[in-house]
């Protein structure tokens, strides 16, 4: 009489315990993210936050803020700030939710393809890597939103392979389409989806018409977000600006780095992060070798490897290999690690199956140990400076606060440099759409035109405040840079503005704040600082 009850209890526990592990993973990562909610925004976050702030005010992308990225992340930020507030905490709460959902999707994908062990290992690995400084995981980058859609899209794609259901194919395409509008690199997941459907058609000897129908349904879903976006921006009258920045200029930007330079950036990154990733690389390599001994899983393994290949391709455009680009590869990479542990277990006897798990736990523990300062010790502003060196992200908070407290809400300001977070903090509109000055310094054909346009926009708007950024990371000058705008900015500020503030927050040293006459009369030699200028009453 008790046997059915005992069996039901065992089945319930078998279903429940993996989710208890997932919950523990989420709580661990949640603790880290909650501790760092107030971390100052870096400049990519500042861009997204300012654009999202404008959207909440009814101002569409590319009207007051120019940038080459597709605007999906702007709308994601706007949604997050509408829920959690227009503050760094609100933005990082959005990241907490996005990251937690992605961890769950990674677990579900791994479990669906290979089993519970793969899902849990992949979820735990992704959780650690995606919050680590190795990929700038404390910042709410567009890549975090890309994988939020790409991972469930991949889960649906596998279900479509199994069932051939058109609904699964359509919604997989829709999710990949949403990944693309977050940032252009998301397109590689859509290409992956098309190739998977072609692979399925060939494996099952489908007719040409049936294959074309499936691809059409997939492309219909994938194209829907971008098509709707184009129609909306055309209706708002800003489609030309959108197309120029996200395709014409983006193409020039992508060709600005030589293959040799790109390879150097990649090798530098791999060298810098070797200690953190080496254990995972070894596990992944061992897992792939072990998987070769299991031909029964060849279809799943081929799917996972193809997913990894196209995820890696997403990190390549532009050849800059910035740390947060590698977030795109983490779900597929951690899936391979999950495969490693599951197949390594099958290579051991029953008593020894715990060994791969112990190895994995040791790798995870080593990664946590290496990140202990970021995870548990350093205050958010200090951690920001440790990660971003002399970038003026902490100074931006103080500069924006002063401007917000000393100007009316409708005042215009101009930041001469690449620090869009100042506009967000100050809650003031930019006097120019050039919230970054990087394009103006690049060796690309639009740079002279961009400099002239930025100058015209600032002179026409007559901003109440200027923030002059004296920081090499905010300009990235090179031997090809045209410095016309730098010469203009010095003359324009000297003629029409008074310097009323100087800010520098050197890491590990006392902060420097000069205001009023001290700032106006300062003739020192600070190397990395922000200068705040207020318009003279009699300026023209």
Worksheet item: Which members of region 459-484 meet the condition of being in a helix (DSSP H, G or I) and within 30 Å of the chain's Cα centre (by Cα)?
Response: 472, 473, 474
Discussion item. Can you pull out every residue in region 44-66 that is under 24 Å from residue 185 (Cβ atoms) and out of contact with any helix residue (DSSP H, G or I) (no Cβ under 6 Å at 6 or more places or on another chain)?
Written reply: 44, 45, 47, 54, 60
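Do we find that residue 238 is touching a helix residue (DSSP H, G or I) at 6+ places or on another chain (Cβ under 8 Å), surrounded by fewer than 18 Cβ atoms within 10 Å (Cβ to Cβ) and at pLDDT 90 or above in this structure?
Numbers: touching a helix residue (DSSP H, G or I) at 6+ places or on another chain (Cβ under 8 Å): no; surrounded by fewer than 18 Cβ atoms within 10 Å (Cβ to Cβ): yes; at pLDDT 90 or above: yes.
No: the conditions fail for residue 238.
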Item to complete: Examine region 413-426 for a residue that is surrounded by fewer than 21 Cβ atoms within 10 Å (Cβ to Cβ) and in the same structural domain as residue 498 (by TED's automatic domain parsing), and state whether such a residue exists.
Response: no
Item to complete: Please specify each residue of region 157-171 satisfying the condition of being in contact (Cβ under 8 Å) with a residue 12 or more places away in the chain and surrounded by fewer than 23 Cβ atoms within 10 Å (Cβ to Cβ).
Response: 158, 159, 161, 164, 166, 168, 170, 171
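Looking at 526, 507, can you tell me which residue is more than 19 Å from residue 414 (Cβ to Cβ), in contact with a helix residue (DSSP H, G or I) (Cβ under 6 Å, 6 or more places away or on another chain) and assigned to a loop (DSSP other than H, G, I, E, B)?
Working: 526 fails: in contact with a helix residue (DSSP H, G or I) (Cβ under 6 Å, 6 or more places away or on another chain).
Among 526, 507, only 507 is more than 19 Å from residue 414 (Cβ to Cβ), in contact with a helix residue (DSSP H, G or I) (Cβ under 6 Å, 6 or more places away or on another chain) and assigned to a loop (DSSP other than H, G, I, E, B).
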Worksheet item: Could you count how many residues in region 511-523 are more than 13 Å from residue 394 (Cβ to Cβ), assigned to a loop (DSSP other than H, G, I, E, B) and either without any contact (Cβ under 8 Å) to a residue 12 or more places away in the chain or out of contact with any strand residue (DSSP E or B) (no Cβ under 6 Å at 6 or more places or on another chain) (or both)?
Response: 3
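Can you say whether residue 472 is closer than 22 Å to residue 499 by Cα, surrounded by fewer than 23 Cβ atoms within 10 Å (Cβ to Cβ), in contact with a helix residue (DSSP H, G or I) (Cβ under 6 Å, 6 or more places away or on another chain) and not assigned by TED's automatic domain parsing to the domain that holds residue 78, as far as the supplied structure shows? It would help to see each step written out before you state the result.
Values: closer than 22 Å to residue 499 by Cα: yes; surrounded by fewer than 23 Cβ atoms within 10 Å (Cβ to Cβ): yes; in contact with a helix residue (DSSP H, G or I) (Cβ under 6 Å, 6 or more places away or on another chain): no; not assigned by TED's automatic domain parsing to the domain that holds residue 78: yes.
Answer is no for this residue.
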Fill in: Test result for residue 321, surrounded by 16 or more Cβ atoms within 10 Å (Cβ to Cβ), over 30 Å from residue 58 (Cα atoms) and under 21 Å from the mean Cα position of the chain (by Cα)
yes
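With respect to residue 35, is the statement that it is at negative phi, surrounded by fewer than 22 Cβ atoms within 10 Å (Cβ to Cβ) and outside the structural domain of residue 431 (by TED's automatic domain parsing) true?
Numbers: at negative phi: yes; surrounded by fewer than 22 Cβ atoms within 10 Å (Cβ to Cβ): yes; outside the structural domain of residue 431 (by TED's automatic domain parsing): yes.
So residue 35 passes the test.
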Worksheet item: Given the conditions (1) modelled with pLDDT of 90 or more; (2) under 27 Å from residue 148 (Cα atoms); (3) in a helix (DSSP H, G or I), and given that residue 288 satisfies all but one, which numbered condition is not satisfied?
Response: (1)
Worksheet item: When region 381-397 is examined, which residues are found to be buried (at least 18 other Cβ atoms within 10 Å of the Cβ) and part of a helix (DSSP H, G or I)?
Response: 383, 384, 385, 387, 388, 393, 394, 395, 396, 397
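Quick one: is residue 304 assigned by TED's automatic domain parsing to the domain that holds residue 347, under 29 Å from residue 119 (Cβ atoms) and in contact (Cβ under 8 Å) with a residue 60 or more places away in the chain?
Details: assigned by TED's automatic domain parsing to the domain that holds residue 347: yes; under 29 Å from residue 119 (Cβ atoms): yes; in contact (Cβ under 8 Å) with a residue 60 or more places away in the chain: yes.
In short, yes.
State the number of residues belonging to region 385-414 that are over 23 Å from the mean Cα position of the chain (by Cα) and within 26 Å of residue 324 (Cβ to Cβ).
Of the residues in region 385-414, the ones over 23 Å from the mean Cα position of the chain (by Cα) are 398-414.
Subsequent filtering for residues that are within 26 Å of residue 324 (Cβ to Cβ) retains 398-400.
Looking only at that region, the number is 3.
The values are calculated or read from the model by the stated rules, or taken from the named source; none is laboratory data. None of these values were measured; they are calculated from a predicted model. Positions of Cβ are generated from backbone atoms using ideal geometry, with glycine treated the same way; all protein chains shown enter the neighbour counts.
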